[in-house]
Amino acid sequence: MIADSSLCDSFSAMYEAQSLPMCGPTVDKQPDRSLDRGFVALLPVMAYVTGPDDEIQSVSSVWLRRLGYSREEVIAQPASRFLVCRRPRTTQELAADMCEDVPACLLGKAGDLRHVRVSARREFDDRGQLLRGWSFFADARETHEALRRARETSSRSEALTAALPDLVVEVDSLGRFLRFKPAGAAGDAATGEAMADRCIEHTLPPKLAAKAKRALAASMRTKQICRFACELPTPTGARLYECSICPTLHQTAMMVVRDVTVVCGVRPSY
């Protein structure tokens, strides 16, 4: 995941908050910056905080582990020693008060270059003097690999859905159709487009729609697969269908409707 400016803002606010005393006077009392070092070290991302002279004041353990340095080898060193910019434009973008998703490289202890995307923000005091800079790094190789795996997973999912002879519908928690694949191995693209943006209430008879909505709600609530059977009239006579509802991780659910008339011959017990 690529770090963005909102992440910089969030951690910056937390950084400031944890440095303030809990009670008592603040005049002539300097915050304990050892807390800062501990806070940044625990960040679950590659990050460091620099001072007014671009010296690294705090660095996350993830950053150190990925690049092979010890903390002593990095603290008080200029950030430019580790951050490599191969293009003048990159240097200009990183010199701005805020930047987001800028391509650059980090120099590892073994001399290797790790391609990263940088998001950074500088903080100033009331007089406009630079206080510190926050820099977050996303490993470009890991991001690329994650995108590749996501594309492969999506492709396999689409292929599996298309190959199913059943009717497959993706719905949201309100029963609105997000995707619709008609029954049949290939499906009917025109029918699928026509059914998109419709909902359960507009597609099924009232009693059956209510039954389907209850099953959908139960599936979303329990995070379990729910099944129910129903009988619908068709031009060739009444047919028996089985509907399975499986919740996803994105507040949606997949409904798979199968014609079981020939398979069962009788109504299922559930």
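Quick check on my filter: what residues within region 74-89 are part of a loop (DSSP other than H, G, I, E, B) and of a type in the set (A, V, I, L, M)? Don't jump to the end; show me each part of the working.
Of the residues in region 74-89, the ones part of a loop (DSSP other than H, G, I, E, B) are 74-77, 82, 85-87.
Correct list: Val74, Ile75, Ala76.
Tell me the strands (runs of 3 or more DSSP E) entirely within region 133-239 that contain at least 2 residues that are at pLDDT 90 or above, aromatic (Phe, Trp, Tyr) and under 30 Å from Arg117 (Cβ atoms).
On the way: elements: 167-172, 177-181, 226-234.
Where strands (runs of 3 or more DSSP E) fall fully within region 133-239, none carries at least 2 residues being at pLDDT 90 or above, aromatic (Phe, Trp, Tyr) and under 30 Å from Arg117 (Cβ atoms).
Any residue in region 57-80 that is hydroxyl-bearing (Ser, Thr, Tyr), surrounded by fewer than 18 Cβ atoms within 10 Å (Cβ to Cβ) and over 16 Å from Phe137 (Cβ atoms)?
Taking every residue of region 57-80 in turn, at least one turns out to be hydroxyl-bearing (Ser, Thr, Tyr), surrounded by fewer than 18 Cβ atoms within 10 Å (Cβ to Cβ) and over 16 Å from Phe137 (Cβ atoms).
State yes or no: is Leu20 at pLDDT below 90 and among the aliphatic types (A, V, I, L, M)? So that I can check it myself, show each step before the final result.
On the way: at pLDDT below 90: yes; among the aliphatic types (A, V, I, L, M): yes.
Yes, satisfied.
When both residues are 6+ apart or on different chains and their Cβ atoms are under 7 Å apart, which pairs have a first residue that lies in region 115-132 and is more than 24 Å from Phe82 (Cα to Cα), and a second that is not small (Gly, Ala, Ser)?
Hits for this filter: Asp125/Leu131.
Only residues in region 65-84 that are without any contact (Cβ under 8 Å) to a residue 12 or more places away in the chain count as the first member; pair them with residues that are among the hydrophobic types (A, V, I, L, M, F, W, C), Cβ under 8 angstrom, at least 6 apart or cross-chain, and list the lot.
Once the first residue is without any contact (Cβ under 8 Å) to a residue 12 or more places away in the chain and sits in region 65-84, its partners that are among the hydrophobic types (A, V, I, L, M, F, W, C) give Ser70/Leu64.
Would you confirm whether or not region 59-73 contains a residue that is at pLDDT 90 or above, in a strand (DSSP E or B) and of a type in the set (A, V, I, L, M, F, W, C)? Quick ask: steps written out before the conclusion?
First, the residues of region 59-73 that are at pLDDT 90 or above: 59-73.
Now restrict to residues that are in a strand (DSSP E or B): 59.
From what is left, the residues that are of a type in the set (A, V, I, L, M, F, W, C) are 59.
So far as region 59-73 goes, yes, one or more of its residues are at pLDDT 90 or above, in a strand (DSSP E or B) and of a type in the set (A, V, I, L, M, F, W, C).
Considering only residues that are surrounded by fewer than 18 Cβ atoms within 10 Å (Cβ to Cβ) and within 31 Å of the chain's Cα centre (by Cα), which ones fall in region 81-96? Show your work before the answer.
So the first thing to find is which residues in region 81-96 are surrounded by fewer than 18 Cβ atoms within 10 Å (Cβ to Cβ), and the list is 81, 84, 86-89, 91-92, 95-96.
Correct list: Val84, Arg86, Arg87, Arg89, Thr91, Gln92, Ala95, Ala96.
The values are calculated or read from the model by the stated rules, or taken from the named source; none is laboratory data. None of the values given here were measured: they were computed from a predicted structure. Cβ sites come from the backbone with ideal geometry, for glycine too, and all protein chains shown count toward neighbours.
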